[in-house]
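A.B. asks: Supplied in structure tokens, the structure appears directly below.
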Amino acid sequence: MAHVVILGAGTGGLPAAYEMKEMLGPAHQVTLVSENPYFQFVPSNPWAGVGWRSREEIVFEIEPHTKRKHIDFIAKRCDKIDAENNVLTLSDDSTIDYDYLVITTGPALAFEAVPGAGPFSGFNKATHSICTIDHAEKAHEAYMNNLDSDNPDPIVIGAMPGASCFGPAYEYLLIVLKDLEKRGARSKIPEVHFVTSEPYLGHLGIAGVGDSPAILSRHIKELGVHGHVNMNTQKVEDGKIFSQQVNEKGEPVKEETFDFGFSMMLPAFKGVDAVANVEGLCNPKGFVIVDEHQRSPKYPNIYSAGVCIAIPPVEATPVPTGAPKTGYMIESMVTALVHNIKSNIEGKEGKEEMGTWNAICLADLGDTGVGFVALPQFKPRRIDWYGEGPWVHWAKIAFEKYFMAKMKAGVSEPFYEKLLFQMLGISRLKSDEPKPFKKSA
Ligand SMILES: Cc1cc2nc3c(=O)[nH]c(=O)nc-3n(C[C@H](O)[C@H](O)[C@H](O)COP(=O)(O)OP(=O)(O)OC[C@H]3O[C@@H](n4cnc5c(N)ncnc54)[C@H](O)[C@@H]3O)c2cc1C
């Protein structure tokens, strides 16, 4: 009997546990270890950051659902991975042995990269984050404090140098503006700034997709937001962001200080300590190095998926940026590694499948939305489409309900989802991708 341990029960880890158990059946043991007892649907955090979602709506206890699927769940943080001896040490000093380890620990948030940044800086007016439900709740409180004050100060939203997850920054900006409009409070806010490390609006860490630069620039202009690109934000003080704008060669051209009453600046990501500390497993930022089969070249019984893996930036940018890892792309990594672990248990090489890394993303803008399909995420792309319309708003709400229901039911990819995507020419595994049409001789 093989024991597969999955570390981290987020967007990648929980489906990985379900898919692994379904693939391996009762003959093998699957254990899921995660620092919190709950699953949170991270894509809804921009809504939580303005109070459009409560914690109860987007968070649920994991154990009842994994128990029904005969998956052992341990709600403890892992503090050490002994990859030579296949042992995890947890926060209470207990240990777990594994035959295979799947690392899906997501990002650690590198607030310290910009002195003074982050919700725990101690400043009265700090820069916030919406990366976790705890942070989104704190951001909502700060947003309301500014709004409810006698003279609200400017709002600054954006992304720090080295950030990779730009989509939620735009999404949050446009949701905040819609929220202000709904409250009839837009005129109370003297200025709104979008301050980003991207080289142009709509770059999104992936050199743009379809018309993303034109569409997002238009939204920002129409809503009276001051957009600032190539911003190398250097420090934060109470209610002040200090940034340097650079030119395309990366040379400083302008110093800017943004005063704010409320700010949400997405931080750069890095790997979590327990993973980053494993000798030879990670790149210098602590992201797990994997081959195209999601497997560690150094430790062949370790596989990894999600935000915690190392992928190169799509292109060099004047201020460093990273490439985002989006939900469907993560699910494709998960499906590939589950197949590979199963085949390795069965005596094969464990390198049979590759994920497609297709990216499909929906961003809500309040009552409309923008979505993109990048197949694959990295250029050259087979499909490169970016569109907008009220349908995206409804599609995002439907997706939230669907994904949460799927995670509670304990299914990673129901057959109808697979069928629908296949009909659209989209699949999780490279081996399922539509083959190019060959002319007969
Ligand atoms: C605000 C926001 C909105 C996003 N919206 C979208 C979207 O709309 N569409 C889309 O495609 N993508 C979106 N993404 C990108 C991506 O899909 C998410 O970041 C996704 O949650 C990443 O999944 P993950 O499994 O890699 O990490 P996570 O979902 O963050 O899961 C990591 C898990 O590991 C646990 N963990 C970490 N360290 C340890 C440890 N030492 N021991 C035990 N457990 C540990 C964490 O507690 C967590 O449960 C968004 C990202 C953000 C930040």
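A.B. asks: Can you tell me which residue among I157, I189 is among the hydrophobic types (A, V, I, L, M, F, W, C) and closer than 17 Å to N45 by Cα?
C.D. replies: Being among the hydrophobic types (A, V, I, L, M, F, W, C) and closer than 17 Å to N45 by Cα holds for just one of I157, I189, which is I157.
A.B. asks: Across segment 92-110, what is the number of residues that are more than 8 Å from the ligand (Cβ to nearest atom) and open to solvent by less than 30 Å² (accessible area, probe 1.4 Å)?
C.D. replies: So the count comes out to 7.
A.B. asks: Determine whether E198 is open to solvent by less than 10 Å² (accessible area, probe 1.4 Å) and charged (D, E, K, R).
C.D. replies: yes
A.B. asks: Would you be able to tell me the number of residues in segment 82-114 that are over 23 Å from the mean Cα position of the chain (by Cα) and not acidic (D, E)?
C.D. replies: 13
A.B. asks: Restrict the check to segment 60-83 and report whether at least one residue is within 12 Å of the ligand (Cβ to nearest atom), touching a residue at least 60 places away in the same chain (Cβ under 8 Å) and closer than 17 Å to Y402 by Cα.
C.D. replies: no
A.B. asks: Can you pull out the residues in segment 84-137 that are in contact with a helix residue (DSSP H, G or I) (Cβ under 6 Å, 6 or more places away or on another chain), part of a loop (DSSP other than H, G, I, E, B) and either among the β-branched types (V, I, T) or without any contact (Cβ under 8 Å) to a residue 40 or more places away in the chain (or both)?
C.D. replies: Scanning segment 84-137 gives T104, T105, P119, I130.
A.B. asks: So which residues in segment 323-361 are over 18 Å from V307 (Cβ atoms), touching a residue at least 40 places away in the same chain (Cβ under 8 Å) and open to solvent by 10 Å² or more (accessible area, probe 1.4 Å), if there are any at all?
C.D. replies: Matches in segment 323-361: H339, K342, N344, I345, K351, E352, E353, M354.
A.B. asks: Among the candidates G208, G239, single out the residue that is over 24 Å from P115 (Cβ atoms) and either open to solvent by less than 40 Å² (accessible area, probe 1.4 Å) or in contact with a strand residue (DSSP E or B) (Cβ under 6 Å, 6 or more places away or on another chain) (or both).
C.D. replies: Only one candidate qualifies: G208.
A.B. asks: Considering P252, P284, which residue is open to solvent by 40 Å² or more (accessible area, probe 1.4 Å), within 26 Å of the chain's Cα centre (by Cα) and without any contact (Cβ under 8 Å) to a residue 24 or more places away in the chain?
C.D. replies: Just one listed residue meets the conditions, P284.
A.B. asks: Out of curiosity, is Y170 under 26 Å from the mean Cα position of the chain (by Cα), modelled with pLDDT of 95 or more and within 21 Å of I360 (Cβ to Cβ)?
C.D. replies: Here the answer is yes, as Y170 does meet what is asked.
A.B. asks: Sort out which residues of segment 10-38 are among the hydrophobic types (A, V, I, L, M, F, W, C) and open to solvent by 10 Å² or more (accessible area, probe 1.4 Å), and write them in order of number.
C.D. replies: Within segment 10-38, M23, L24, A27 qualify.
A.B. asks: Which of the numbered conditions does T89 fail, given that it passes all the others? Conditions: (1) surrounded by fewer than 19 Cβ atoms within 10 Å (Cβ to Cβ); (2) away from the ligand (no atom under 11 Å from the Cβ).
C.D. replies: For T89, the exception is condition (2).
The values are calculated or read from the model by the stated rules, or taken from the named source; none is laboratory data. Since this is a predicted model, take the numbers as computed values, not measurements. Every residue, glycine among them, receives a Cβ derived from its backbone with ideal geometry; neighbour counts consider all protein chains shown. When the accessible area is computed, the model is the full protein with side chains, heavy atoms only, and any ligands, DNA or RNA have been set aside. Shrake-Rupley method; radii C 1.70, N 1.55, O 1.52, S 1.80 Å.
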